[in-house]
Amino acid sequence: MENNAQLIAQCEALAKVWLSPAFDEETRKEVQAMLDNPDKSDLIDAFYQNLEFGTGGLRGIMGAGTNRMNKYIVGMATQGFANYINKAFPGKQSAVVVGHDCRNNGRMFAETVADIFSANGIKVYLFESLRPTPEISFAIRQLGCQAGVNVTASHNPREYNGYKAYWDDGAQVLAPHDKGIIDEVNKVKIEDVKFEGNKDLIIPIGGEMDWDYIQAVKEAMVDQDVILRQKDLNIVYSPMHGTGRVIVPMALRSWGFQNIHVVPEQMVIDGNFPTVVSPNPENAEAMTLGMKLGTKLNADLVIASDPDADRLAIVCRNSKGEWEILNGNQTCMMFSWYIIANKKKLGQLKGNEFLVKTIVTTEVIAKIAQKNEVEYKDCYTGFKWIANEIRVNEGKKKYIGGGEESFGFLPYDKVRDKDSPASICLICEIAAWARDNGMTLYDLLMNIYKEYGFSKEVTINVVRPGKSGADEIKQMMTDFRANPPKDLGGSKIVLAKDFKSLEAKKADGSVEKLDMPDTSNVLQWFCDDGTKVSVRPSGTEPKIKFYTEVKDPSFAGAADYERCTKAAEQKIEAIKKSLNL
């Protein structure tokens, strides 16, 4: 009780600072209402911590407070970022790219960011309107900029907005720059922020960069002849009210596809996302309108991108002709298989290529790469780590693809973040190739399982909002480290990896060091039957994630898919009980 009273007092003291004339009247009223409310939960959630750079920069619920997305937190973050850029690149005119997606306040935040950078003597290329995240990454590289910012909360619910910080390679910021930026941000007080921009240093960009980006996306194409033969592939696409609405259909046409339909209700730019509960392509509900239109038009596949168009979702017809939503592991696996198999067939593999997957993504991808003698690399969750592998191998090895289970893939190296326009074009090429060979995407998926083994992956999200939730998640990780499970759903654990200590412990008690570029708060357990479970607190949302992967060696073809899936789901329920979830 005493601790809670102390926390309330600390939050009240911070909140009262926000009543000063440095903050606008609307903000002061919102803060005063929190102070006046006898229930202090909103006050605590808004002020118990500073919103900090996580795995993707800033991300949080919009509103007043130190733990909220608002122009003052964005302003202090940008001032700190500007200070860091000017220190990192002394004696030169630095430049940044600034963009935003469809979210509420997105344009206001983007213009605030542009003003502050320009007020600090940094040239700003500001997109004239909403643009996809991958195009921001591309523009940084194309224009030779030192950094960039995209105002987006990706696939989060409508209450959120965010701020993705990029460095000069077009990738999201990694150490030491992330820590350096945070140090600079933490030094900034509201009165230090230079909100008055220098309009002479703000340059609008748009159509010409769109053209350059779409030309670059075509480099992800593997086999144009297949597309020419199957150019009438029946495609339904939804941008989910976001930034893919212009770029994705344009990119598909540039590849040669001619039969493209869009979901009209979801072509409307709207940060309230009125047609979905949450604009997350991982949620089946978000694909409902697309599948409805797909049924009406007898489409071959239904595709969607999330609001900032970095993630994609794919729906194809199963063996019964019904819509089947592919999960992120399945799409990543299919991309990896197709790129390797068809580049090999066309003589495009020279022996120095590599694929990347994250440690929580299906191990089937590793099997595909190994069997085809293509190097693959494991990295941490988050596309900045895939981008890091591209960067450290640049000039030595050829990147041909990389992805993660959370519906993100990057099939070429001109961009350094997940790229749904390029990935959507490529999955349509794969569907065209499948049809050219008398198959559907679903048939192809079954063939991959038959050759490389069946695998069922389910991500279990345990949501714990607010400070109490953050404390609970922290305690869960502490408890798992202190008392790790011995088995998972009856399967014996034979290898345990802790990426915080960078140690891998085998069943015989022997310990090996893990070769990773940094530490991460992730635990992994591998069982004797191929079962794999990864535990990771989210860096952008109030949740802890359990990534489960279960094998079934009895899979022999499409007829076994339903049976093996049900058996795997039962196994995953048993794993949940083992972990007290």
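The values are calculated or read from the model by the stated rules, or taken from the named source; none is laboratory data. This one's a predicted model, so the numbers in the text were calculated from it and none came from an experiment. Cβ: placed from backbone, ideal geometry, glycine included. Neighbour counts: every protein chain shown. For accessibility, only protein heavy atoms count, side chains too; no ligands or nucleic acids. Shrake-Rupley method; radii C 1.70, N 1.55, O 1.52, S 1.80 Å.
On average, how much accessible surface per residue is there in the chain, in Å², for a 1.4 Å probe, leaving out ligands, DNA and RNA?
Numbers: 23170 Å² over 581 residues.
On a per-residue basis, the chain sits at 40 Å².
Leaving ligands, DNA and RNA out of it, report the carbon-plus-sulfur percent of the accessible area of the range 186-247 at a 1.4 Å probe. Present the calculation step by step, with values, prior to reporting the outcome.
On the way: 1470 of 3120 Å².
Carbon-and-sulfur percentage of accessible area, whole number: 47.
Quick one, can you get me the convex hull of the C-alpha atoms of the range 100-162 expressed as volume per residue in Å³?
Numbers: hull volume 4.9 nm³, N = 63.
Each residue corresponds to 77 Å³ of Cα convex hull volume.
In the chain, what percentage of the DSSP-assigned beta bridges are antiparallel, given to the nearest 5?
65 percent
What number, in percent, do you get for the relative contact order of the chain if the mean sequence gap of Cα pairs under 8 Å and at least 6 apart is divided by its residue count? Show your work: numbers first, answer last.
On the way: 1182 pairs, mean separation 67.5, N = 581.
Computed value for the chain: 12 percent relative contact order.
Computed on alpha carbon atoms, what radius of gyration and Dmax characterise the range 5-66, expressed in Å?
Cα radius of gyration and Dmax of the range 5-66 are 11.9, 35 Å respectively.
Please state the charge dipole magnitude for the chain, taken about the Cα centre, from unit charges on C-beta atoms (+1 on K and R, -1 on D and E), reported in debye and rounded to the nearest 20. Please list the in-between numbers first.
Values: 71 positive and 79 negative charges, 194 e Å.
Here the size comes out at about 940 debye.
Starting from the Cα of K398, move 7 Å in the Cα-to-Cβ direction to define the label point; list residues of the range 356-382 whose amide nitrogen is under 14 Å from there.
Residues 374-375 qualify, since their backbone N sits under 14 Å from the label point.
I'd like the distance between the alpha-carbon centres of the range 56-94 and the range 248-300, rounded to an integer number of Å.
First find each Cα centre; the distance between them is then 33 Å.
Which of the peptides 220-230, 241-251 is most tightly packed, and how do the rest follow, judged by the mean count of other Cβ atoms within 10 Å per residue? Intermediate results must be reported in sequence, preceding the final value.
On the way: 220-230: 17.9, 241-251: 25.1.
The peptides rank, most packed first, as 241-251, 220-230.
Could you give each residue of the range 278-286 its phi-based ³J(HN,Hα) in whole Hz, using Karplus coefficients 6.51, -1.76, 1.60 with θ = phi - 60°, and x for Gly or Pro?
8, x, 10, x, 6, 8, 4, 4, 5
For the pair E512/K16, report the inter-label distance in nm, with labels modelled 7 Å from Cα in the Cβ direction.
5.8 nm
Using r as the Cβ-Cβ distance of K187 and A284, and R0 as 35 Å, what FRET efficiency do you calculate, to the nearest 0.05? Mind dumping the intermediate values first?
Details: r = 45 Å, r/R0 = 1.29.
Rounded to the nearest 0.05, the efficiency is 0.20.
Determine the dipole magnitude for the range 365-435: charges of +1 sit on the beta-carbon of Lys and Arg, -1 on that of Asp and Glu, nothing else is charged, the reference point is the Cα centre, and the result goes in debye to the nearest 20.
Details: 12 positive and 11 negative charges, 30 e Å.
Dipole magnitude for the range 365-435 comes out near 140 debye.
With a sphere of radius 11 Å drawn around the Cβ of D300, what net charge do the other residues whose Cβ falls strictly inside it have (Lys, Arg +1; Asp, Glu -1)? Walk me through the numbers on the way to the answer.
Details: positive: R317, R435; negative: D232.
Charge balance in the 11 Å sphere: +1.
Set the Förster distance to 41 Å, then compute FRET efficiency between Q475 and R253 from the Cβ-Cβ distance, nearest 0.05.
Values: r = 52 Å, r/R0 = 1.27.
Working from the Cβ atoms, E equals 0.20.
Can you give me the Rg/Rh ratio for the range 375-498, using Cα atoms for both radii and the Kirkwood formula for Rh?
Rg/Rh: 1.05.
Tilt of helix 383-393 relative to the longest C-alpha principal axis of the chain, in degrees (0 to 90, nearest 10)?
70 degrees
Let me know the Rg and Dmax you get for the range 442-513 when you use only its Cα atoms, in Å.
17.3, 47
Rg/Rh for the range 217-283: what does it come to with C-alpha atoms and Rh from Kirkwood? Present the calculation step by step, with values, prior to reporting the outcome.
Numbers: Rg = 13.8 Å, Rh = 13.2 Å.
The Rg/Rh ratio comes out at 1.05.
Please compute the alpha carbon radius of gyration of the chain, then divide it by the globular-protein estimate 2.2 N^0.38 Å. Two decimals is fine. Present the calculation step by step, with values, prior to reporting the outcome.
Details: Rg = 23.9 Å, N = 581, 2.2 N^0.38 = 24.7 Å.
That ratio works out to 0.97.
Can you pull the percent of the range 255-366's accessible area that's carbon plus sulfur, 1.4 Å probe, other chains left in place? Spell out each step's value before the answer.
Details: 2030 of 3880 Å².
In the range 255-366, the share of accessible area belonging to carbon and sulfur is 52 percent.
Local charge sum around L35 (other residues, Cβ-Cβ under 12 Å, Lys/Arg +1, Asp/Glu -1)? Don't skip to the answer; put the middle values down first.
Numbers: positive: K16, R28, K29, K40; negative: E12, E30, D36, D39, D42.
After counting each charged neighbour, the total is -1.
What order, most packed first, do the peptides 102-108, 15-21, 412-418, 512-518 have when packing is the mean number of other Cβ atoms within 10 Å of each residue?
On the way: 102-108: 20.1, 15-21: 14.3, 412-418: 24.7, 512-518: 11.9.
Ranked from most to least packed, the peptides come out as 412-418, 102-108, 15-21, 512-518.
Along the Cα→Cβ direction, 7 angstrom out, place labels at V268 and K344. What is the inter-label distance in nm?
4.9 nm
Which net charge results for the neighbourhood of A95, defined as the other residues with beta-carbon distances under 14 angstrom from its beta-carbon, given Lys and Arg at +1 and Asp and Glu at -1? The partial results should precede the final answer.
Details: positive: K92, K123, R141; negative: D168, D200.
That sum, taken over residues with Cβ under 14 Å, equals +1.
Determine the shape class of the range 456-581: with a ≥ b ≥ c the square roots of the Cα gyration tensor eigenvalues, call it rounded for a/c under 1.5, and otherwise prolate if a/b is greater than b/c, oblate otherwise.
Values: a/c = 2.01, a/b = 1.32, b/c = 1.53.
Judged from the Cα gyration tensor, the range 456-581 comes out oblate (a/c at least 1.5, b/c at or above a/b).
Using packing as a proxy for protection, rank 545-556, 133-144 so that the peptide with the highest average count of other Cβ atoms within 10 Å comes first.
For the peptides 545-556, 133-144, the packing ranking is 133-144, 545-556.
Give me the percent of accessible area attributable to carbon and sulfur for the range 67-184, probe 1.4 angstrom. Present the calculation step by step, with values, prior to reporting the outcome.
Numbers: 1470 of 3090 Å².
C and S fraction of accessible area: 47 percent.
Can you tell me the equivalent ellipsoid semi-axes for the range 289-407? Use √(5λ) from the Cα gyration tensor, largest first, whole Å.
Numbers: eigenvalues 168, 58, 31 Å².
For the range 289-407, the ellipsoid semi-axes come out as 29, 17, 12 Å.
Which FRET efficiency value, to the nearest 0.05, is calculated for T295 and E196 with the Förster distance at 45 angstrom and r the Cβ-Cβ distance?
Working: r = 54 Å, r/R0 = 1.20.
Result of the calculation: an efficiency of 0.25.
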